[in-house]
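Take a look at the structure below.
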Amino acid sequence: MYKKLFLPILFFSSFVSIAVNAQNNDPYMGIVPAPVSVKKLSGDFIVNQQTVLVADSITNKAVVFLADFLQNKANLIVKPQAYTGQSVNNGIIITSAGADALPAQGYRLLITPQNVTIIGRGAGIFNGIQTLLQLMPLEYGATIKIPGAEIDDYPRFTYRGLHLDVSRHFFGVDFIKKYIDLMAMYKLNNFHWHLSDDQGWRVEIKKYPKLISVASNRAETLIGNYHDRTPQQFDNTPYGGYYTQDQVRDIVKYAADRYINVIPEIDLPGHSKAALTAYPEYGCNIASSYTVSGTWSERHDVFCPSEATFSFLQDVLNEVMDLFPGKYIHIGGDEVAKDDWQNSKLAQDVIKKNKLKDEQGLQSYFVKRMEAIVNARGRTAIGWDEVLQGGIAPNVTIMSWQGEAGGIAAARQSHDVIMVPSNMGLYLDHAQGRLGTEPVGIGSYKPLSMTYAYNPTPSVLTPGQQKYIIGVQANLWVEYIATGSKVEYMILPRALAMAEVGWTPLANKNYKDFLETRLPQ
C-alpha cells in the first residue's frame, strides 16, 4: 500500500514535519491540495496503542484503508468498531452523521486532543482520511502526533484526472498501483489508461487473440528524439507487454478501493496501426503494409468504415466495458489522417451512401457509431477534441487537448468538457526545466508555475456554459519515457500542482505558499 509509494512522495506526504516554523506560517498546514477552510486548534491528538477506530460501517473501504495504513505504516493494530453515537475518548471517529449538507466528495475533519472526527459520505470520507494522513509526521515511534485543526473541504471540480500512456512503453501492474497510490494521496479520482496506439495494444481481448500475440509486440524502437537523426536509428530490440483480463480486474478493484475510477482508452479510428497489423482486414490498405510501429508521430493507417470493422470494434468495446465498470469509456478520435479514406473506394461509398459532406463528416459518422455502442451499455463516451470535426456526437464528453478552443466549442453546445490543454502545462511529458538541462524528451518547456497557474474555466464562457467544464486532467505520453523512475521524474511535482488546480478554490490558491512552504525546501 503506502509502503510502495514512490520515494519522492515520501518528501511530499507530510510537509508539517519539515519545520515547525513552516507549519506556523502556512495557513494550509502543509496540505496538498489546499483545503477550502482550515482553522488551527490548540493541542494535538496522539495516536497510540489504545486509540480506537469507530465507524458507521466497519467494512467501509475507506475505513479498511485507514486501518490497514495504521497497521502497515505505524504498526498500530486498530480494529474498527461499530459507531453508535456513543461517547468516545482517544478515538478516530468516521461517520456520515451531519454529512447531508456537505458537497459531493466533501468532508469535515475535526482534530482535538480527545478525538479525531471525519464526517462525510463515500469518497468524502476517503478524502478526509487522505488529509489526516498528510498531517501525520514522516517519522514516529510508538505514537503519532497530529496537530489540532478544524477543516471543511470539498473539490472545485468533480473530475480530477491523471493519464498514463502504456502503449509506447509498458508499465507493469505493481507500477500502475503505485501510480494510483499517488493519485489517491492527492485526491485525484480518475485514472485515464491509454491502452492502445500505433506502437502497441496492451489489453487482452478474448475474442481476438492476435491483439495480444501480434499487436502487443513491435520489432524495434526509435533511438533518441524523433528529430535527432536522419535517417532515424532503431535499437533492433523486440518490445512488448500486455495486461491480462485478470490483471485489469485487479487494478480496477485496487483503484475502486481508493475511490478512483479507471477510464480505458481504445484509440480509434486513428492511432490503430498495431490493431491493424493483427487484423488488417479492418483497414483500408493492403495487409502487407501494416506493422506495429517502432517510431512516433504516426498519422496514417486508420480503421476503414466497413460494417465488418464496426462489428469488430463493437466486440472489442463490449469486452472492454465488461472489464471496466465505470461511467466513462474513452474512444480516442485524435489525429485521424484522412488520406486513407480519400483513397478508399469503400470509404468514399460510405460518404456518398450516408450523404456526408467529406472525410470530416465520415469521422463524425464513425465516432457516432462508436458512441452508440458505448451508450447502449449505459456508459458515456469521451473523445479528444477532434471528434468535433464534422459534427459532434450527441452525448460525447470532450477532452480538450489542442488548447481550449475545442472545450469552449463543446461547452457552448452543452457538452461536458474535461480540460487538458497541452499548451498550458498539463502535458507532463513536456520539459519541466529549460531545454538542454532535461533528459531526452518531446521538448516544449512547461514549468511547474505554468501548471499551477492554469484555470480550467475560460472567461469567454458564460456562467451557464462554464458549468459544463466538469474537470481537469494532466496527461503523460511516454514516447521518451521508458522507465518508472523517469515517469516519477516527469510527473512530480507538477501532478501535485494539477491536483490543486482541480480541487482548491481559486481564492485559496497561492503559488508562493505552494512552492516555498508546502513543497519541501
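Here's a check for you: in the stretch 108-129, which residue that is more than 12 Å from D153 (Cβ to Cβ) and either among the basic types (K, R) or without any contact (Cβ under 8 Å) to a residue 40 or more places away in the chain (or both) is surrounded by the most Cβ atoms within 10 Å (Cβ to Cβ)? If we take residues in the stretch 108-129 being more than 12 Å from D153 (Cβ to Cβ) and either among the basic types (K, R) or without any contact (Cβ under 8 Å) to a residue 40 or more places away in the chain (or both), then T117 is surrounded by the most Cβ atoms within 10 Å (Cβ to Cβ).
The number of residues in the stretch 428-465 that are surrounded by 16 or more Cβ atoms within 10 Å (Cβ to Cβ) and farther than 20 Å from Y489 by Cα comes to 6. The residues of the stretch 155-174 that are more than 19 Å from S196 (Cβ to Cβ) and outside any strand (DSSP E or B), listed by number, are P155, R156, F157, T158, D174. Can we say S293 is within 25 Å of the chain's Cα centre (by Cα) and within 20 Å of D339 (Cα to Cα)? No. For the stretch 374-427, which positions are surrounded by fewer than 24 Cβ atoms within 10 Å (Cβ to Cβ), aliphatic (A, V, I, L, M) and over 21 Å from I329 (Cβ atoms)? Listed by number, the residues that qualify are A405, I408, A409, M424. Please go through the stretch 285-324 and pick out each residue that is modelled with pLDDT under 95 and either part of a helix (DSSP H, G or I) or touching a Cys at 6+ places or on another chain (Cβ under 6 Å) (or both). Those that are modelled with pLDDT under 95 and either part of a helix (DSSP H, G or I) or touching a Cys at 6+ places or on another chain (Cβ under 6 Å) (or both): A287, S288, S289. Among the residues of the stretch 260-278, is any under 23 Å from Q342 (Cα atoms), exposed (fewer than 15 other Cβ atoms within 10 Å of the Cβ) and in contact with a helix residue (DSSP H, G or I) (Cβ under 9 Å, 6 or more places away or on another chain)? No: zero hits. Sort out which residues of the stretch 473-492 are touching a helix residue (DSSP H, G or I) at 6+ places or on another chain (Cβ under 9 Å) and among the acidic types (D, E), and write them in order of number. Scanning the stretch 473-492 gives a single hit, E488.
Quick one: is Q363 surrounded by 23 or more Cβ atoms within 10 Å (Cβ to Cβ) and either touching a strand residue (DSSP E or B) at 6+ places or on another chain (Cβ under 6 Å) or at negative phi (or both)? Yes; evaluated as a whole, the condition is true for this residue. Close contacts from the stretch 331-348, counting a first residue that is among the aromatic types (F, W, Y) and a second that is open to solvent by 10 Å² or more (accessible area, probe 1.4 Å) and outside any loop (DSSP other than H, G, I, E, B), with Cβ to Cβ under 6 Å and a gap of 6+ residues or different chains, come to W341/E359.
Once the stretch 307-340 is narrowed to residues that are over 27 Å from K207 (Cα atoms) and in contact with a helix residue (DSSP H, G or I) (Cβ under 8 Å, 6 or more places away or on another chain), the residue that is surrounded by the fewest Cβ atoms within 10 Å (Cβ to Cβ) is E335. Looking only at the stretch 387-407, which residues are at pLDDT 95 or above and either on the phi > 0 side of the Ramachandran plot or among the charged types (D, E, K, R) (or both)? G403, E404 - these are the residues of the stretch 387-407 that are at pLDDT 95 or above and either on the phi > 0 side of the Ramachandran plot or among the charged types (D, E, K, R) (or both).
Number of residues in the stretch 47-81 that are open to solvent by 60 Å² or more (accessible area, probe 1.4 Å), at pLDDT 95 or above and in a strand (DSSP E or B): the value is 0.
The values are calculated or read from the model by the stated rules, or taken from the named source; none is laboratory data. Worth saying up front: this structure is predicted, and the values here are computed from it rather than measured. Note: ideal-geometry Cβ built from the backbone for every residue, glycine included; neighbour counts use all protein chains shown. Please note that ligands, DNA and RNA were not included when accessible areas were found on the heavy atoms of the full protein model with its side chains. Shrake-Rupley method; radii C 1.70, N 1.55, O 1.52, S 1.80 Å.
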